[in-house]
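First the structure, in the form of C-alpha cells, and then the observations on it.
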Amino acid sequence: MENRHYRALELDKVLSMLSAYASATDSKEMALNLKPETNITIAKGELKKTEDAYILLAKFGGPSFGSIKNVNNSVARANAGGVLTMRELLDIAENLRVFRSLHEWRSRQSDETSYSIDVYFGSLRPNQYLESKITSSITSEEEMSDNASPTLADIRRKMKQQASRIREKLDGIIRSQTYQKCLQDAIVTQRNGRFVVPVKAEFRGQVAGLVHDTSSSGATVFVEPMAVVEANNEIRVLQGKEQDEIERILTELSAETGNYADEIRYSYEAALEINLIFAKAQLAYKMKASMPELNDNGVTVLKKARHPLLDTKKVVPVDIMLGESFDTLVITGPNTGGKTVSIKTLGLLTLMAMCGLMIPTADGSKVCVYKKVFADIGDEQSIEQSLSTFSSHMVNIVNIMKEADDESLVLIDELGAGTDPVEGAALAMAILERLKFQGAKIAATTHYAELKAYALDTPGVENGSCEFDVSTLKPTYRLLIGVPGRSNAFAISEKLGIESSVIDRAKELVSSENVRFEDVVDTLEERRLEMEKERQAAEQLRLENEELKRKTEERLAEIEKLREKEIQRARSEAMRLVENSRREANALMIEIEKLKKDLKNQNSADKLNEMRSKVRKGLSGVDAAADPVMDGADDGYELSRPLQVGDTVKLAGMGSEGEVLVIPDNKGYVEIQTGSMKMRVKVSDLRLVEKKKEKKKETVVRRETESRLNAASDTRCDLRGMTVEEGIMTLDLFIDSMVMAGLSEFTIIHGKGTGALRAAVQQHLKKHPQVKNYRLGTFGEGENGVTIATLK
C-alpha cells in the first residue's frame, strides 16, 4: 500500500513526535520508518512491549542511553584487521558503557515479574574488560594516556627530561650578557617541533646555530643554537618512538575490539530496540494514552478518543464505533463541525495501535488490525495532471475500490462532492454499496441528504453527526452515532444577517421531500436533546445519591469510632478504679503485717480477722468493675432458656441490670424495669443473669483474695527457678514491701544449685542501702540454700 494513505491520516507526524523521544540517531530513524503491522499476533506483541516499558517507566523511571552511536563499520573494520582511530575506540567504549548501564539498570529492579522486553536486556553483552582497557589507554580523541603501556610512559619521561635539559641551556643563553643585545625577546619558543630563541635579524651571525623560521616583518629570526641541536635531535628520535608505540597500542586495542565484533553489534541492535520501545512508552505518557484491545474481526470501539496532534486543552473527546452492529458509518453535518477530524481520529488511532503505540483513549477501547487502510481525505487538485478536485477524488476512489476487501478500512471525506449534487449523491451511494459488498469497513463524511436517508434505510449502515450549536454558531465537536446531521444552512445564514425574505424564499425552493426529511431530522434532534437532558439529570441524581451514600457511610464510621472511644474511656476509668482498690488493699495488708509483730497483744488476732474481712469486702467487686461495658448484641449470644417474669437480665452494650415485667410478645419485644424506669427492648439485646454463677464468681474472687493475703503475710522470698535478673528484680520488690511493713528480718530462698543465684543475691544485698547485714542459713533454716537478711 502506498504511504500516501498513511500521510493523509498524518501518521508521519505522530512518528516524528515518537522520534523526538529516541536518544540514538538510528533509533530516531527506526521511529520515522515504523510501519503498521498487519499480522495481529505481531501487532499484539509490539503493543505488549510498549505496555511493559510503560509499567517499568512508572515503577522505576527510564534507563539512560548516553551518547550511543552506530559503530558497526568501525567494529567490522577492526574485525578485518584494520587499525581504528582513538575517536572510534572511544565511541566503542561509550557504547560498551551504555550496554553495561542498561544491563545493570534492569538487574537492579526489585520487581521479579517477567516482561516481554527482558529478551532485549538479556541480549546485551557488557564487556567491562574492553571498556576499561580503552578508557584507561585513551584520554581523548587526540591524546593517548601515559598509562597505555610502560614503554610509552618511559618514552614520554625521557622526552620531558630532554626538554628540561634543553630549556636549561637556552635559559643560560638568554640570560647571558653576551647574547642579550642579540635577542628580540628573552624567551624560549618552538618552531617545527624544535626549541629556538628569537634573534634580531641584524645579529643572526653572532648567534651560532640553525635558522628555522623568520617573522612576517623579517625583523626576527628563530635560531636553534648549536649547543642544543643534538638534544633537539634526540627529542625528534623519541617522538618517532612515541608515535610508533601509539600505533602499536591502537593496533592492539583494535585487534581486541575485533574479537568482540559480533557481541558489540548484537548488543547495539538490542539497545536500539530498547531505546525505541521506551520512546513509545514516553510518548504514551505525554498523550495520556491507554492500552487498547486488538482484534481481527473488524470491531473498533474508541472511548473518549482524542486526536494526538490537537491541543490537549482544547480537543473534545469523541466516542467512535464501527464493526459491531454496523460496518458503514455516514457522518453528516456543517463544515468545521469536526467530521473530518472524527474519521482522521479513527484512522490514525488504528494505525498507531498497529505500530505498537498506545492510543489516547479511555480504558476499554478496541481496535481492529486491518490488512489495508485507505484514506481519501483533503483537497488533492493536480494542475500537472489537469485534474479537478472531483477528478482527483475519483482517481483515489477508483484505486481504493480495486484493492479494498473484507480486511480493509476505508475512510472517505466529502464523498461525491465537487460535482452535480444529484449525480454526486447517487454516485456516493453506489460507491458505498460496492465497498460494503466487498466487505470493507467504511467511514465517510458527506453533506447529501440522500445519504442520510440511505443510512436510515440500509441494514449495516448507520448515521452519525457532529453536534452544532445554532444559538452560538459554534460546533461542539461531539460525534453522535445514530443521529443524522443537519446542514443548518438556513439557520446559520439568518444568524449572520441574511434577510428573512431571502431565507423564506430559499425554503420554498427546497423540495417537499427534502423538507419532510429535514423535519424528521429536526424532530429526532429535539427528542435526542430531551433524552440527553434526562440522561444528564439522571446522571446528576446518581452522583448525588452516591455522594449522599458516601457521606452517610462516613457518618456511620464516625459514630462507630466515637462509640469505640467511649467504650475505651469507660474501660480505662474502670481500670483506674481497680488500681485504686488494689492500692488500698495493699495498704491494709501492710497494716496486717504490722499487727503480726505485736504477738503479746491479745486483741491482735481479732483485729487481724476484722481487717481481712474489710479487704475481702472491698475486693469482692474489683474484677467485675474491670470492664463495665458489655459486648454488643452481635456477639452471637443465645438465651439458655425462655425469659420468665421476675428474671434478672442485663442490657447488652449498657451493662445495667433490670427485671422482666412482661414476657416477650410476638414481635420479640419484652418489658423490663431497670431502676425506676420501664422500657420495651428486643429479646436479642438482653442477657440472662444466673444467680448461681454470680455466687460461684464471688467465691472465686474471695479465694483469690485470701491467697493474696496469705502470700503477702509471708516473710520468705522464694527465688528458686528464676534467672539472676528475675531474682534480683523480685528481691528488690520484696525488700520494699518489708520496709513498708516495718519488718526487720526475712529469708531469701535461692537454693543450692550452682551457687550463681546465691552469689548474685549476696552481692546485691551487700550494696543495698536498706540491708544491715546478711548470713547463710544454719542447720534447720536451710543451710546454704537460704540467706537470712536483716534490715536497718
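Filtered by the rule that a residue be surrounded by 24 or more Cβ atoms within 10 Å (Cβ to Cβ) and of a type outside the set (A, V, I, L, M), the stretch 416-451 gives GLY416, LYS441, THR445, THR446. Taking LEU283 as the residue in question, decide whether it is part of a helix (DSSP H, G or I) and either open to solvent by less than 10 Å² (accessible area, probe 1.4 Å) or in contact with an Asp or Glu (Cβ under 6 Å, 6 or more places away or on another chain) (or both). Judged against the criteria, LEU283 is a match.
ALA789: of a type in the set (A, V, I, L, M) and either at pLDDT below 80 or open to solvent by 80 Å² or more (accessible area, probe 1.4 Å) (or both), yes or no? In short, no.
Just to be sure I understand, how many residues within the stretch 38-57 are outside any helix (DSSP H, G or I) and among the hydroxyl-bearing types (Ser, Thr, Tyr)? Of the residues in that region, 1 qualify.
Residue count for the stretch 324-353 under the criterion of being at positive phi and open to solvent by 20 Å² or more (accessible area, probe 1.4 Å): the result is 1. Looking across ASP91, ASP52, one residue alone is among the acidic types (Asp, Glu), more than 26 Å from ALA289 (Cα to Cα) and buried (at least 17 other Cβ atoms within 10 Å of the Cβ). It is ASP91. Kindly indicate which of GLY439, GLY418 is at positive phi and either assigned to a strand (DSSP E or B) or modelled with pLDDT of 80 or more (or both). GLY439 is the lone residue from the list that is at positive phi and either assigned to a strand (DSSP E or B) or modelled with pLDDT of 80 or more (or both). In the set VAL237, VAL211, VAL228, VAL223, only one residue is in contact with a strand residue (DSSP E or B) (Cβ under 7 Å, 6 or more places away or on another chain), among the aliphatic types (A, V, I, L, M) and in a helix (DSSP H, G or I); that residue is VAL228.
Restricting ASP405, ASP413 to residues that are within 47 Å of the chain's Cα centre (by Cα), closer than 23 Å to ILE40 by Cβ and either open to solvent by 10 Å² or more (accessible area, probe 1.4 Å) or small (Gly, Ala, Ser) (or both) narrows the list to ASP405.
Got a sec? Which of ILE320, ILE277 is touching a Leu at 6+ places or on another chain (Cβ under 6 Å), crowded, with 18+ Cβ neighbours inside 10 Å and under 30 Å from LYS344 (Cβ atoms)? Sole residue among the options that is touching a Leu at 6+ places or on another chain (Cβ under 6 Å), crowded, with 18+ Cβ neighbours inside 10 Å and under 30 Å from LYS344 (Cβ atoms): ILE320.
Checking each residue in the stretch 505-547 for being open to solvent by less than 60 Å² (accessible area, probe 1.4 Å), at pLDDT 65 or above and of a type in the set (Asp, Glu) picks out only GLU532. Restricting the stretch 733-762 to residues that are charged (D, E, K, R) and touching a helix residue (DSSP H, G or I) at 6+ places or on another chain (Cβ under 8 Å), which is least open to solvent (accessible area, probe 1.4 Å)? Among them, the one singled out is ARG758. So which of LYS35, LYS28 ends up being in a helix (DSSP H, G or I) and either open to solvent by 40 Å² or more (accessible area, probe 1.4 Å) or over 25 Å from SER408 (Cβ atoms) (or both)? Step by step, each of LYS35, LYS28 is checked, and only LYS28 is in a helix (DSSP H, G or I) and either open to solvent by 40 Å² or more (accessible area, probe 1.4 Å) or over 25 Å from SER408 (Cβ atoms) (or both). All of SER136, SER123, SER116 fail the test of being of a type in the set (Gly, Ala, Ser), more than 30 Å from ILE55 (Cα to Cα) and surrounded by 12 or more Cβ atoms within 10 Å (Cβ to Cβ), apart from SER136. Cβ-Cβ distances below 7 Å connect the following pairs, each with a first residue in the stretch 566-587 that is in a helix (DSSP H, G or I) and modelled with pLDDT under 75, a second residue that is of a type in the set (Gly, Ala, Ser) and surrounded by fewer than 15 Cβ atoms within 10 Å (Cβ to Cβ), and a separation of six or more residues or different chains: ALA574/ALA625; ALA574/ALA626; MET575/ALA626; VAL578/ALA625; VAL578/ALA626.
The values are calculated or read from the model by the stated rules, or taken from the named source; none is laboratory data. Values in this document were obtained by computation on a predicted structure and should not be read as measured data. FYI the Cβ positions are ideal-geometry reconstructions off the backbone, even for glycines, and counts take in every protein chain you see. To get the accessible areas, we keep the full protein, side chains included, count just its heavy atoms, and leave off ligands, DNA and RNA. Shrake-Rupley method; radii C 1.70, N 1.55, O 1.52, S 1.80 Å.
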